[in-house]
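Input: a single structure, listed below in structure tokens.
The values are calculated or read from the model by the stated rules, or taken from the named source; none is laboratory data. Because the structure is a prediction, the values reported are computed rather than measured. Because the Cβ atoms are built from the backbone with ideal geometry, glycine has one as well, and the counts that use them run over all protein chains shown. SASA here: full protein model, heavy atoms, side chains in, ligands and nucleic acids out. Shrake-Rupley method; radii C 1.70, N 1.55, O 1.52, S 1.80 Å.
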Amino acid sequence: MWLLSHIGPLHYAKQRNHLERDVTMKGLYFFFFFFYEEITFVFQERENLPVTEDNFVKLQVKACALSQINTKLLAEMKMKKDLFPVGREIAGIVLDVGSKVSFFQPDDEVVGILPLDSEDPGLCEVVRVHEHYLVHKPEKVTWMEAAGSIRDGVRAYTALHYLSHVSPGKSVLIMDGASAFGTIAIQLAHHRGAKVISTACSLEDKQCLERFRPPIARVIDVSNGKVHVAESCLEETGGLGVDIVLDAGVRLYSKDDEPAVKLQLLPHKHDIITLLGVGGHWVTTEENLQLDPPDSHCLFLKGATLAFLNDEVWNLSNVQQGKYL
């Protein structure tokens, strides 16, 4: 779901002057009742932002993406706030910069992700954000594309570049490749010269993945629950196994203990270990992953590594990281 606020170039200067004056604006926030785990959304009036100081940037929001609110993380962080801002992936135009800002200047087009402790919601006309949470928006990328892809783009780049060190000739298994995260990860892996294998959760997803250019080496249709992912990957790699696995969640328990839907779409953790090659990298999004000693021993024999992809870790302030870690 998207909220796009766009103005024509002829009206930009006039609206900018309006935004820089002391006016009252509305922003979207939510109440989170931790005990009941309920969310209530409210519009809150707020005065125009104070003078931009130090490393902060005042930004006119042109597009904002609405992503899922991670209430579990908010509860774990024990953030004592009455209102939480809504909308964190934003794209817009720089109105003003603080005295210590070095990366941006007024009229720059930027995109970024607001931190969890941000006081300003992305669903507002103007926000104030630290420059380190922003990057320059490419000229040919639209406002909506920028705001809509920044989060999954950061996740995919983190998984492939920092956590698994993808390089030309490597084989990469990307689970649920037709998802937003999966499509970006496939393109990044191809850009690095890797060989990509992906799974599809439906016929529509399979057809979508088969249209990729350059083509995906193999699309594994897991929608009917009859295809064995490990066997398909070992067959595609000549029995060597894949170098990198980006999962979309895994099954932890036996068939009798898992919901039917999860049984059908997700591989078991043992399957991932089986299809992983020597020196391979397993990047998981399963925050509650549990490995038994035999599983760990198998990873040890393969010299493999396991990394957790937490897409919020880069968006926590130093204070929050201290609490979280």
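Computed on protein heavy atoms with a 1.4 Å probe, the accessible areas place LYS226, LYS72, LYS26 in the order LYS226, LYS26, LYS72, largest first. Eigenvalues of the alpha-carbon gyration tensor of the stretch 152-308, scaled by 5 and square-rooted, set the equivalent ellipsoid semi-axes at 21, 19, 14 angstrom, largest first. Spin-label pair SER223-HIS161: with each label point 7 Å from Cα along the Cα-Cβ axis, the two points sit 3.4 nm from one another.
Report, in whole Å, the centroid distance computed from the Cα atoms of the stretch 85-164 and the stretch 218-245. Answer, in whole Å: 37.
Gain on full extension, evaluated as 0.36 nm per residue between ALA307 and GLU119 minus their Cα-Cα distance, stands at 64.6 nm. Per residue, the stretch 194-248 exposes an accessible area of 49 Å² to a 1.4 Å probe, with every protein chain left in place.
Summarising the label geometry, the points placed 7 Å from Cα in the beta-carbon direction at ASN55 and HIS132 lie 0.4 nm from one another. With respect to the cross-link table entries LYS140/LYS170; LYS170/LYS302; LYS140/LYS195; LYS195/LYS226; LYS226/LYS269, which display a Cα-Cα separation exceeding 19 Å? Pairs exceeding the cut-off: LYS140/LYS170; LYS140/LYS195; LYS195/LYS226. Model label points for ARG211 and PHE41, set 7 angstrom from Cα along the Cα-to-Cβ axis, are 3.0 nm apart. Leaving ligands, DNA and RNA out of it, report the carbon-plus-sulfur percent of the accessible area of the stretch 151-273 at a 1.4 Å probe. Of all accessible area on the stretch 151-273, carbon and sulfur atoms account for 53 percent.
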